[in-house]
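Single-structure report; data block below.
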Amino acid sequence: MSRTAAVTRKTNETDVTISLDLDGSGVTSASTGVGFFDHLLTALGHHGLFDLMIETTGDLHIDEHHTVEDTALAMGAAFADALGDRAGLVRYGDTRIAMDEAIGSCTIDIGGRAYSVIDLCFVGERIGEMSTQMIPHAIESFARTAGFTLHLSATGRNDHHIAEAAIKALARALRSAVEVDPRRIGVASTKGTLTTDGAG
């Protein structure tokens with residue numbers, strides 16, 4: 001069964017194209033015009049073992065907000081599409097990742113309920129050309145359109161390390177959650193359905 005998706009999102013502010021293969025080998029290409037965001041997206045694909053191709057052009061002459069947000073929304077939609085009815089999957093994932101002094105922790109449920117609790121203890125206002133405010137906002141946007149509940153936190157002294165530890169934790173937790181469970185018949189829900197309307 002192919003677990004792939006191709007999503008485009010075009011507005012007056014951005015033009016986003018995404019292709020995704022959940023059963024890839026971590027081949028990732030991200031080009032959004034926001035260097036640190038590309039770095040985080042590449043880490044997500046690589047450590048989640050997702051083949052992920054992202055191409056975004058946006059109104060960066062204003063700031064990075066629309067570019068980052070719309071890319072995250074389209075990426076969430078791609079994951080939702082690739083997961084289909086979410087039958088036969090593990091559903092849950094939980095990971096802690098160390099990066100030097102930083103620790104990232106993520107617990108995720110891909111069961112259709114969109115909810116985020118994010119606590120990233122950044123020290124500064126920017127990492128490269130990306131506002132640190134945009135990192136939790138991007139993750140929340142991604143979870144909303146994907147239909148994921150995620151609890152993500154990271155602490156440390158270096159903002160680059162904090163962000164990267166968080167994204168790597170998200171990647172590894174997500175990798176676990178989307179794995180096929182050979183013992184699971186149907187969806188991992190006593191309701192008998194996992195949908196993006198919160199029915200799971």
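Miscellaneous remarks
- None of A143, A169 is outside any strand (DSSP E or B), out of contact with any helix residue (DSSP H, G or I) (no Cβ under 6 Å at 6 or more places or on another chain) and over 23 Å from H66 (Cβ atoms) except A169.
- Region 140-151: number of residues that are crowded, with 24+ Cβ neighbours inside 10 Å and touching an Asp or Glu at 6+ places or on another chain (Cβ under 8 Å): 2
- Extreme residue, surrounded by the most Cβ atoms within 10 Å (Cβ to Cβ), among residues of region 115-139 that are touching a residue at least 24 places away in the same chain (Cβ under 8 Å), of a type outside the set (A, V, I, L, M) and not in a loop (DSSP other than H, G, I, E, B): S131
Residues checked against (1) of a type outside the set (G, A, S); (2) free of Cβ contacts under 8 Å to residues at least 40 places away in the same chain; (3) more than 30 Å from V90 (Cβ to Cβ):
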site	(1), (2), (3)
A6	no, no, no
G33	no, yes, yes
H39	yes, no, no
M53	yes, yes, no
T57	yes, no, yes
H61	yes, yes, yes
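Read-outs: derived from the displayed coordinates by stated rules, not from any lab. Fair warning: this is a prediction, and the values are worked out from it, not measured in the lab. Cβ coordinates were reconstructed from backbone atoms using ideal geometry, including for glycine residues, and neighbour counts include every protein chain displayed.
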